Amino acid sequence: MGERKLVVDHLKFSYDGLFSTTEVYSLISSWFYEKGYDWYEKNNHESVTPEGRQIHLVLQPWKNTSDFHKIIMKVVVNFIDVKEIGVQHQGQNLTLNQGIIRITFDGYVTSDRFDHWTSKPVFWFLLLVGERYFHRNHFEKMEIWIKSDIDDLYQKIKNYLNVFKYTYQG
């Protein structure tokens with residue numbers, strides 16, 4: 001495998017309140033499909049405890065940006081102590097979830113995605129010299145691309161969770 005560079009390291013998002021787990025999941029997955037990412041769900045684990053449901057998702061979608069580069073986004077979503085709550089919104093009774101959401105974003109840029117240049121030490125050295133000195137601007141464009149995509153997804157999730165305010169019917 002060619003060089004894999006960590007561009008965004010543990011950008012964190014936390015939310016405590018009312019939400020819908022299915023809507024948050026569909027928001028994230030639809031964003032990746034809209035942006036042209038290939039979906040890869042590495043881990044999806046749910047456990048039920050007396051405090052509520054604990055849901056752990058590890059998503060690693062990727063996008064082939066050129067014949068040589070690939071950008072990978074790792075999103076770790078933790079729903080903690082999720083309980084179902086009855087809520088009244090615009091005169092309708094809804095069943096939502098209450099709990100904590102913690103999301104961590106990582107962004108990577110990978111070069112030589114087909115491993116053509118890493119089979120022999122001489123090829124690897126030529127790859128290294130070529131990337132560092134002659135084609136640095138291509139790598140920088142991929143870094144900007146993954147940073148802007150992570151920021152866009154972060155803002156979309158943040159706006160969604162802060163826009164929908166529900167009243168607790170208790």
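From (1) hydroxyl-bearing (Ser, Thr, Tyr); (2) closer than 25 Å to residue 143 by Cβ; (3) surrounded by fewer than 18 Cβ atoms within 10 Å (Cβ to Cβ), pick out the condition that doesn't hold for residue 37.
(3)
Do the conditions hold for residue 46, that is, is it in a helix (DSSP H, G or I) and of a type in the set (D, E, K, R)? I'd like the intermediate steps shown before the answer.
Numbers: in a helix (DSSP H, G or I): no; of a type in the set (D, E, K, R): yes.
In short, no.
Which members of segment 137-149 meet the condition of being surrounded by 20 or more Cβ atoms within 10 Å (Cβ to Cβ) and either within 10 Å of the chain's Cα centre (by Cα) or among the aromatic types (Phe, Trp, Tyr) (or both)? Let's see the steps before the verdict.
Quick first cut of segment 137-149, residues surrounded by 20 or more Cβ atoms within 10 Å (Cβ to Cβ) only: 142, 146, 149.
Across segment 137-149, the qualifying residue is only 149.
Somewhere in segment 48-58, is a residue closer than 27 Å to residue 140 by Cβ and either surrounded by 14 or more Cβ atoms within 10 Å (Cβ to Cβ) or aliphatic (A, V, I, L, M) (or both)? Explain how you work it out, then say what you get.
First pass over segment 48-58, keeping only residues closer than 27 Å to residue 140 by Cβ: none.
No, the conditions are met nowhere in segment 48-58.
Being more than 12 Å from residue 17 (Cβ to Cβ), in contact (Cβ under 8 Å) with a residue 12 or more places away in the chain and not charged (D, E, K, R) is the filter here, so list the residues in segment 80-102 that pass it.
Residues satisfying the conditions are 80, 86, 88, 89, 93, 94.
List pairs: first residue in segment 27-42 and under 15 Å from residue 146 (Cα atoms), second residue among the basic types (Lys, Arg) and assigned to a helix (DSSP H, G or I) anywhere in the structure, Cβ distance under 7 angstrom, at least six positions apart or on different chains.
Between residues of segment 27-42 that are under 15 Å from residue 146 (Cα atoms) and residues that are among the basic types (Lys, Arg) and assigned to a helix (DSSP H, G or I), the close pairs are 31/156.
Looking for whichever is on the phi < 0 side of the Ramachandran plot and touching a helix residue (DSSP H, G or I) at 6+ places or on another chain (Cβ under 8 Å) here; the options are 57, 6, 18. Which one fits? Talk me through it step by step, then tell me what you get.
Details: 6 fails: touching a helix residue (DSSP H, G or I) at 6+ places or on another chain (Cβ under 8 Å); 18 fails: touching a helix residue (DSSP H, G or I) at 6+ places or on another chain (Cβ under 8 Å).
On inspection, the qualifying residue turns out to be 57.
Under 15 Å from the mean Cα position of the chain (by Cα) and surrounded by 15 or more Cβ atoms within 10 Å (Cβ to Cβ): is that true of residue 18 in this structure? Walk me through it before giving the result.
Details: under 15 Å from the mean Cα position of the chain (by Cα): no; surrounded by 15 or more Cβ atoms within 10 Å (Cβ to Cβ): yes.
Criteria not met by residue 18.
Looking at 104, 95, 110, can you tell me which residue is in a strand (DSSP E or B), over 30 Å from residue 143 (Cα atoms) and of a type outside the set (Asp, Glu)? Lay out the reasoning, then the answer.
On the way: 104 fails: over 30 Å from residue 143 (Cα atoms); 110 fails: over 30 Å from residue 143 (Cα atoms).
Result: 95 is the single residue among 104, 95, 110 that is in a strand (DSSP E or B), over 30 Å from residue 143 (Cα atoms) and of a type outside the set (Asp, Glu).
If residue 78 satisfies all but one of (1) surrounded by 14 or more Cβ atoms within 10 Å (Cβ to Cβ); (2) under 15 Å from residue 107 (Cα atoms), what's the number of the condition it fails?
The number of the failed condition is (2).
Identify all residues within segment 84-107 that are of a type in the set (Lys, Arg) and crowded, with 16+ Cβ neighbours inside 10 Å; write none if there are none. So that I can check it myself, show each step before the final result.
So the first thing to find is which residues in segment 84-107 are of a type in the set (Lys, Arg), and the list is 102.
Residues satisfying the conditions do not exist here.
Pairs under 9 Å by beta carbon, first residue closer than 13 Å to residue 102 by Cα and in contact (Cβ under 8 Å) with a residue 12 or more places away in the chain in segment 11-22, partner small (Gly, Ala, Ser) and buried (at least 17 other Cβ atoms within 10 Å of the Cβ), six or more apart or different chains?
11/107; 16/99; 17/99; 19/99; 21/99
Rule-based calculations on the coordinates, nothing more; no lab input. Nothing here was measured: the structure is a model prediction, and the numbers come from that model. Every residue, glycine among them, receives a Cβ derived from its backbone with ideal geometry; neighbour counts consider all protein chains shown.
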